[in-house]
Amino acid sequence: MTMDFQEQNISSHNFEQCTKCTVCTAYCPVTAVNALYPGPKQAGPDGERYRLKDPEFFEKALKFCLNCKRCEVACPSGVRIGDIILAARIAHTKERPSLRDTMLASTDLMGRTATICAPVVNVALALRPVKYLMDLTVGIDSHRRLPKYSSTKFTTWFRRNAAERQKEFSRQVAYFHGCYVNYNYPDLGIALVKLLNAAGTGVRLMEAERCCGVAKISNRLIDEARHDAEINIAAVRKALAEGCQAVVATGSTCCFTMRDEYPHILGIDNSDVRDSITMATAWLYRMIESGDVKLAFRKDFRLRLAYHTPCHMEKLGMANYSIGLLRMIPGVELTVLDSNCCGIAGTYGFKKENYETSQAIGSKLFRQIAEINPDFVTTDCETCKWQIEMSTPYKVKNPIEILAEAIDVEATAKLNRK
Amino acid sequence: MKFDIVIIGGGLAGLTAGISLEEKGLSTAIVSTGHSSLHFNTGSFGLLGYDADRKPVASPADAISRLANNHPYVRTGMASLAPQAAQLLADAGITMAGSEAHNHLRISPTGIAAPAWLTLEGMATVENLRQQGVKRAAIVGIDGYLDFLPRFIASTLEKAGIAATVKSVTTDALRLMRKNESEMRAANISRILIGDRLDRLAEAINAAVKPGEADVILFPAVVGSENPDEYARLRRMSATPLYYCATPGASVPGMIIGRQLTSRYTRLGGMIFKGDSVVAGQFDGDRLTEVKTQNLGSDSLRADNFIFAAGSFFSHALEALPDRIVEPALGLDIDSPADRPELFGKDLFEPQPFMKAGIATDPALHAMRGGRPVANLYVAGAALAGADSLSEASGSGVAMTSALFISNAIAHK
Ligand SMILES: Cc1cc2nc3c(=O)[nH]c(=O)nc-3n(C[C@H](O)[C@H](O)[C@H](O)COP(=O)(O)OP(=O)(O)OC[C@H]3O[C@@H](n4cnc5c(N)ncnc54)[C@H](O)[C@@H]3O)c2cc1C
Ligand code: SF4
Ligand code: SF4
């Protein structure tokens with residue numbers, strides 16, 4: 001009887017499992033640099049108890065959380081601390097999201113508009129007076145170099161140059177490219193198509209792709225995020241039903257959001273497809289291991305690389321696939337950087353009030369990169385790429401781009417022809 | 001993914017096994033739910049601190065042979081690997097003093113002098129104070145840091161013939177921290193005591209204890225979790241020789257040891273699946289072929305050999321149900337000293353029988369499942385039955401020597 005009660009009385013996010021050990025706070029990137037943030041234990045499971053009495057407890061402090069989930073990776077007791085904090089922030093923050101937050105959150109709307117006017121927008125965004133004005137009026141820090149918008153969207157390139165040829169392959173995957181690849185960095189999408197095609201795999205787009213919703217979730221636009229999420233999950237189901245082996249992503253935050261934030265934060269049941277939403281590197285690694293795909297590498301390829309583990313890649317548990325693939329390239333000398341947050345955390349670092357915290361958090365990582373002095377930094381997250389390129393002299397590439405450059409396309413295609 | 005060896009649990013046992021196997025050129029991966037009990041380690045390791053009658057042990061090497069027959073040390077003879085364990089720590093850049101021939105006396109967070117095998121350099125022990133001929137010690141606390149108990153430490157020192165004075169210091173950064181709702185705990189404090197802020201602390205300590213006023217300063221171990229170099233730097237900046245005292249967890253010296261071992265392991269090429277848990281295993285006859293984890297979903301981790309080093313009750317590797325103890329992930333057999341109702345002693349401060357419960361093993365430390373040994377699955381560390389790490393002060397010794405025992409067995413297969 002008593003045991004029944006114990007076993008069935010489980011709270012959300014494993015809140016009751018907390019043993020008050022403080023390990024989470026010892027690993028939160030924010031507590032080290034922001035004296036106003038009480039840390040995950042206090043803002044999470046401890047605060048949750050107080051919030052039962054007064055929902056406003058720690059309300060002001062909750063916004064400092066980056067939603068990086070490093071506390072959850074560290075917790076020995078499986079408490080979903082980041083989820084507790086995010087859920088409390090959504091439930092208890094009274095202010096409406098500001099114009100700035102709505103702008104930063106609406107990555108696809110902003111992208112669609114900006115792509116049309118890319119040349120003008122890019123020049124304008126880079127101009128000092130415009131940056132200064134953005135700083136003043138909407139609160140986007142003027143130190144930030146906003147990501148450039150590409151004049152051709154990835155999807156446009158794909159339809160014009162690649163879509164037709166994909167039908168030749170019997171094995172297919174669907175690609176969740178995300179807003180960043182579509183509007184700012186089509187080259188990464190193009191590299192993925194090149195790599196997977198050589199590996200004997202066709203790439204298709206999903207029937208309807210919306211932003212994964214991470215920016216909307218962290219800026220508390222929850223109804224909008226849920227709407228997009230439902231469209232995405234329906235599109236995932238459709239792609240799988242139509243024979244795609246998996247839905248692959250090249251950005252770890254998109255992948256993490258669809259796998260974990262949808263059920264945990266938005267209450268969307270994705271259990272039937274969660275396992276099929278994966279990182280492109282994870283999918284490829286498994287195919288190589290099972291012998292279904294073979295890669296032939298260029299003999300002249302030499303690079304010294306440093307791999308940075310993005311927070312959400314760490315939480316996904318998939319960094320070892322990217323590292324494993326990079327280690328397969330004969331000419332690559334790879335150093336795995338200590339896993340530390342880069343400080344940008346999506347739209348967080350773009351906000352004026354967070355700029356200093358964001359840079360302070362990243363400083364440990366930047367220092368280590370400088371010590372190693374690699375040819376390139378490589379990482380699976382787009383926002384980490386911005387942050388590292390803004391804060392260090394090093395250029396950052398996605399592991400997929402490195403692999404696409406390293407393979408001998410002809411020889412690889414030959415190995416994988418059926 | 002496929003490896004030569006997959007290790008379940010990344011505590012002291014899992015990391016020791018991983019490092020030793022990587023050093024032998026084998027490919028390994030560690031899956032670990034979250035941080036381990038190293039985060040509560042005081043900076044001192046026990047091989048055997050107390051015997052069956054709870055008497056302090058002077059020489060672990062001698063006392064081990066008098067343990068019960070079902071103790072893992074006695075069943076395997078693995079305690080003879082203690083010097084190899086000390087070498088592994090040194091190779092990972094962790095300087096610890098002590099030997100298996102003679103225990104020394106560490107100073108516990110509550111100020112008790114307790115027997116220990118190895119202690120991290122820079123931590124106060126009764127021996128290093130004696131060897132330095134210390135007559136007067138200044139025990140320096142931090143304003144508002146309540147986990148440090150200077151009066152208790154003073155009384156222990158007085159018994160050892162050392163006079164102690166008690167002081168307290170603070171700095172701007174520490175004052176600001178007190179205003180925050182976050183607690184003044186060792187691991188939290190150490191995150192802000194870096195760079196210039198550590199220089200300010202050194203100045204405050206030097207102002208509080210003038211040169212010549214004391215032979216030694218004892219200060220809580222609240223420096224170095226971010227960057228182990230800071231741990232040594234504060235000692236260098238102190239005008240009077242400074243030693244650290246253990247604190248309750250999360251404990252900085254334990255975190256430093258954990259960080260060094262983890263970075264040694266990854267530098268050797270080991271892969272860690274952090275924050276992930278093994279949830280099931282696939283068995284084929286007397287062999288484990290693969291394990292499933294929470295994050296990897298339909299992918300599994302395959303290996304020729306597996307090591308179960310997931311700890312005990314505290315780390316959720318063992319679970320106590322109303323009528324029995326179980327190991328939920330792989331369904332391994334449990335070796336328990338008594339039935340469930342007799343597992344608890346009436347006096348909380350007496351040794352508790354349940355502490356000796358663990359995974360049943362054969363003498364080669366293969367895990368038992370359904371009454372039969374699993375030929376390629378070994379058990380290391382706190383998961384082993386037959387040792388009570390708390391009342392014997394044997395936890396670190398069991399963790400490290402069992403891991404080395406298994407690593408040697410796998411290498412000779
Ligand atoms: C609070 C505390 C303080 C201690 N202090 C000291 C001390 O100061 N000195 C001393 O000598 N000994 C101390 N000990 C004794 C300690 O048990 C041993 O020293 C030793 O560290 C045990 O190491 P281990 O690797 O066997 O287990 P653990 O340290 O418990 O590590 C097990 C790891 O496995 C993980 N895990 C569990 N289940 C799974 C799963 N299904 N899948 C993947 N991973 C899993 C856990 O999260 C954990 O990280 C202490 C023990 C505790 C509990
Ligand atoms: S790490 Fe987990 S168990 Fe420890 S205080 Fe944080 S939430 Fe609680
Ligand atoms: S999610 Fe990240 S920033 Fe937020 S409390 Fe956890 S560790 Fe800190």
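The values are calculated or read from the model by the stated rules, or taken from the named source; none is laboratory data. What you see is a predicted model, and the numbers here were worked out from it, not measured in a lab. Here Cβ is always computed from backbone atoms with ideal geometry, including for glycine, and neighbour counts include all displayed protein chains. Accessible surface is based on the protein model in full, side chains and every heavy atom, while ligands, DNA and RNA are left aside. Shrake-Rupley method; radii C 1.70, N 1.55, O 1.52, S 1.80 Å.
Interface of A with B. Using a 1.4 Å probe and counting protein heavy atoms only, the two chains hide about 3400 Å² of accessible surface, both sides summed. Distance between the 7 Å Cα→Cβ label points at B:E213 and B:R324: 6.3 nm.
Computed on chain B, with alpha-carbon pairs under 8 angstrom and 6+ residues apart, the relative contact order is 24 percent. Peptide A:335-342 has a mean of 2 when you count, residue by residue, the C-beta atoms of other protein chains within 10 Å of its C-beta. Partner lysines whose Cα lies under 21 Å from the Cα of A:K153, excluding those fewer than 8 positions away in the same chain, are identified as A:K194, A:K385, A:K397.
Within the accessible area of the range A:154-293, what % is carbon and sulfur when the probe is 1.4 Å and the other protein chains stay in place? Working shown, then result.
Details: 2230 of 4720 Å².
For the range A:154-293, the apolar C and S fraction of the accessible surface comes to 47 percent.
A simple packing score, the average count of other Cβ atoms within 10 Å per residue, orders the peptides B:41-47, A:264-270 as B:41-47, A:264-270, with the highest score first.
What's the local net charge at B:Q260, with K and R +1, D and E -1, over the other residues with C-beta under 11 Å away? With Lys, Arg at +1 and Asp, Glu at -1, the net is +2. Binning the alpha carbon pair distances of the range B:52-123 at 5 angstrom intervals from zero yields the distribution 3, 15, 21, 22, 20, 13, 5, 0, expressed in whole percent. In straight-distance terms, cross-link reach from A:K53 covers every one of the lysines whose alpha-carbon lies under 18 Å from its own, apart from those fewer than eight places away in the same chain; here that gives A:K41, A:K94. Ignoring lysines fewer than eight residues from B:K346 along the same chain, the ones with Cα atoms less than 20 angstrom from its Cα are B:K356. Normalising by the residue count of the range A:3-92, find the relative contact order in percent from Cα pairs under 8 Å and 6+ residues apart. 37 percent. For the protein assembly as shown, a crude dipole built from +1 on the beta carbon of Lys and Arg and -1 on the beta carbon of Asp and Glu, taken about the Cα centre, is about 2040 debye to the nearest 20. Between B:M96 and B:E121, the built amide H atoms are under 5 Å apart, and every one of these is 5 or more places off in sequence or on another chain.
Sum up the charges of everything whose Cβ sits under 15 Å from the Cβ of B:N376, counting Lys and Arg as +1 and Asp and Glu as -1, but leave B:N376 out. Every neighbour counted, the sum reads 0. Computed from the Cβ-Cβ distance with R0 of 25 Å, the FRET efficiency linking B:D143 to B:N206 stands at 0.90. Please work out whether the range A:303-406 counts as rounded, prolate or oblate from its C-alpha gyration tensor, where a ≥ b ≥ c are the square roots of the eigenvalues and a/c under 1.5 means rounded, while otherwise a/b larger than b/c means prolate and anything else oblate? Prolate, since a/c reaches 1.5 and a/b exceeds b/c.
When you filter the chymotrypsin sites (Phe, Trp or Tyr not before Pro) in the range A:279-312 for DSSP loop state and at most 15 other Cβ atoms inside 10 Å of their Cβ, you are left with A:F301.
Based on DSSP H segments of at least four residues, each scored -39500 (n - 2.57), chain B has a per-residue ellipticity at 222 nm of -8500 deg cm²/dmol.
For the segment B:252-259, counting C-beta atoms of other chains within 10 Å of every residue's C-beta and taking the mean gives 1.
Over 31 Å between C-alpha atoms is what I'm after, so list which of A:K315/B:K2; A:K20/B:K167; B:K55/B:K413; A:K364/B:K413 land there. Don't skip to the answer; put the middle values down first.
Working: A:K315/B:K2 21 Å; A:K20/B:K167 29 Å; B:K55/B:K413 40 Å; A:K364/B:K413 43 Å.
Checking Cα-Cα distances, B:K55/B:K413; A:K364/B:K413 exceed 31 Å.
Shape class for the range B:285-413, computed from the alpha carbon gyration tensor (a ≥ b ≥ c): prolate, with a/c not under 1.5 and a/b above b/c.
Let me know the mean shielding of A:23-34 by other chains, meaning the per-residue number of their Cβ atoms within 10 Å of its Cβ. Before the final figure, lay out the partial values.
Working: counts 9, 3, 7, 14, 8, 3, 1, 0, 7, 7, 2, 1.
Shielding by partners across A:23-34 averages 5.
Taking 1.306 mPa s as the viscosity and 10 °C as the temperature, the Stokes-Einstein diffusion coefficient of the protein assembly as shown based on its alpha-carbon Kirkwood radius rounds to 56 µm²/s.
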